[in-house]
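Have a look at the structure below, then the notes.
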Amino acid sequence: MVDGLILLAFLAILIALFVVRVRRRMGIASTAKTWLMVITWAVALGLVLWASSTH
C-alpha cells in the first residue's frame with residue numbers, strides 16, 4: 001500500500017511539472033498555489049480511480 005501511495009505522489013508531481021511547463025509556454029504565470037492545486041487534483045483523481053476499481 002505504501003508503494004502505491006509513493007507512486008501516486010510521484011505521478012502527481014510529474015503531472016504538476018507538465019502542467020506548469022505548458023502554462024509557462026502559453027505565457028501564463030504559475031505560483032506555488034498552482035503546484036499545490038494540480039498535485040491535489042492529481043492525487044484526488046488517482047484515489048477516485050483506485051476506489052472505483054476496487055468496488
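The values are calculated or read from the model by the stated rules, or taken from the named source; none is laboratory data. If you're wondering where the values come from, they're calculated on a predicted model, not measured in any experiment. Virtual Cβ from ideal backbone geometry, glycine too; neighbours counted across all protein chains shown. Just the protein is used for accessible areas: all its heavy atoms, side chains included, with ligands, DNA and RNA removed. Shrake-Rupley method; radii C 1.70, N 1.55, O 1.52, S 1.80 Å.
Using the heavy atoms of the protein chains alone and a 1.4 angstrom probe, what is the accessible area of the chain per residue in square angstrom?
Values: 4560 Å² over 55 residues.
That works out to 83 Å² for each residue.
Taking 7 Å along the Cα-to-C-beta vector as the label spot, tell me the MET1-LEU17 distance in nanometres, rounded to one decimal.
Taking the two extended label points, one gets 2.9 nm.
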